[in-house]
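Below is one structure, written out as structure tokens; the observations come after it.
We did not get these values from a lab; they are worked out from the coordinates using the rules stated. The shown structure was predicted, so the numbers you read here are calculated from the model rather than taken from an experiment. Backbone-built Cβ (ideal geometry, glycine too); neighbour counts: all protein chains shown.
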Amino acid sequence: MVKRLCRLTFAVLSCLALLVSCRRPLPGTAPPFIEAGGPGTGAAVSREEEPPSRPDSGAPPLEEDPAAGPAGPVPPAGQLSDSSTSPPQGSELPQDPPTAVPPEAEGPGTSEPVLPEPEVPEPVKTNTKLYVLMYHHFVPEGRTCNQWMLTDVRFREDLQWLTDHGWTTVLPSELTAGTGLPEKAVMLTFDDGYRSNYEIAYPLLQEFDAKAAISIVTQYTADQYPECLTWDMCREMVQSGLVEIGSHTNSCHGDRGIERQKGEDRETYRARVQPDIQTSIDLIEQNVGTRPIFFAYPNGIKDRWAANYIADHFPITLVTVGGCSDLKNGLYSLRRYNVSMEVPLSEVLPG
Ligand SMILES: [Zn+2]
């Protein structure tokens with residue numbers, strides 16, 4: 001009898017072991033899910049699968065589960081710990097989703113701001129028309145001015161007029177950024193690098209929070225010409241964020257700028273002009289701290305022998321032909337209106 005009882009218990013235990021082994025694969029896979037992706041998909045999936053079976057099976061399964069629960073725990077202790085942990089996690093999981101849902105629900109709620117984004121028409125409305133004004137030298141009120149000079153009083157009037165009529169001053173770096181222009185965009189440019197740009201114009205730029213692009217003849221500054229900007233002045237203005245410094249050549253300005261000279265062949269021309277422009281780039285970068293991104297043709301004179309070199313080194317070039325530029329056509333040869341005492345700004349720009 002004892003032997004039979006032993007065989008029976010052995011048989012029963014074997015059956016239980018088989019049952020357990022059958023369940024193992026599931027739990028065996030479960031842990032990785034729970035541990036790895038665990039909290040998320042693994043646990044959630046197993047739980048989602050379990051719930052449906054319970055409702056389908058109805059009360060019986062529910063009763064069996066609790067019954068199996070206690071029985072199960074005994075044999076597979078390791079599994080029990082897993083299964084026991086899984087149940088709590090399962091209960092936690094359902095809780096997790098709810099907590100996770102709120103944030104997600106908030107997401108969609110906040111997605112409302114995304115709706116305003118359909119302001120896609122804005123890009124369409126983006127202005128591409130740019131007016132560029134060209135100034136040179138500034139003098140105190142009372143001084144006689146030629147067409148390249150302007151008094152401090154008149155420059156103040158210009159800035160006041162721009163402000164009153166809704167114009168926004170922009171810098172070259174804003175053009176290359178490609179972020180679009182304000183509705184009424186104007187770029188103020190000062191050529192030649194006169195000291196008066198710093199002593200007279202700069203304080204007014206600060207007062208009106210207006211920006212300006214100054215093209216300097218670097219040799220004048222490097223050689224410390226008394227009427228020209230110093231590197232310290234250039235740095236201070238650039239650091240204010242209101243000014244950017246560009247190239248107007250190093251020493252090729254003269255009366256004909258970079259125009260080829262009589263009888264000059266292409267190689268001679270390249271050997272004369274390219275190193276000169278490169279020097280201006282290097283001097284500005286070394287002394288101001290920023291690499292120049294615009295080049296103002298001296299006297300507005302261009303030469304196709306220098307075209308490729310200039311295009312390779314500057315994303316923006318400026319000429320002296322009056323007119324409005326459309327940035328859809330690129331940033332080269334932007335037109336500029338020369339501003340003089342004889343012509344009020346109201347006759348240059350549309351109100
Ligand atoms: Zn010039």
The simple spin-label model distance between Q274 and D232, using points 7 Å out along Cα→Cβ, in nm, is 3.8
Spin-label zone in the range 309-351 - amide nitrogen under 14 Å from a point set 7 Å from the Cα of K129 along the C-beta vector:
323-328, 348-351
Past 32 Å, Cα to Cα: identify those pairs from K129/K262; K211/K328; K211/K262; K184/K302, in the order given.
K129/K262; K211/K262
If packing is taken as the mean number of other Cβ atoms within 10 Å per residue, what is the order of 302-313, 236-247, highest first?
236-247, 302-313
Distance in nm between E157 and E141 label points, each 7 Å along Cα→Cβ, equals 1.0
Enumerate the residues in the range 218-239 having an amide nitrogen under 16 Å from the point lying 7 Å beyond the Cα of W148 toward its Cβ.
218-221, 225-229
Could you compute the FRET efficiency for T320 and E199, with r as their C-beta to C-beta distance and R0 at 22 Å, rounded to 0.05?
0.35
Fully extended contour minus Cα-Cα distance, from T176 to R291, at 0.36 nm per residue
40.1 nm
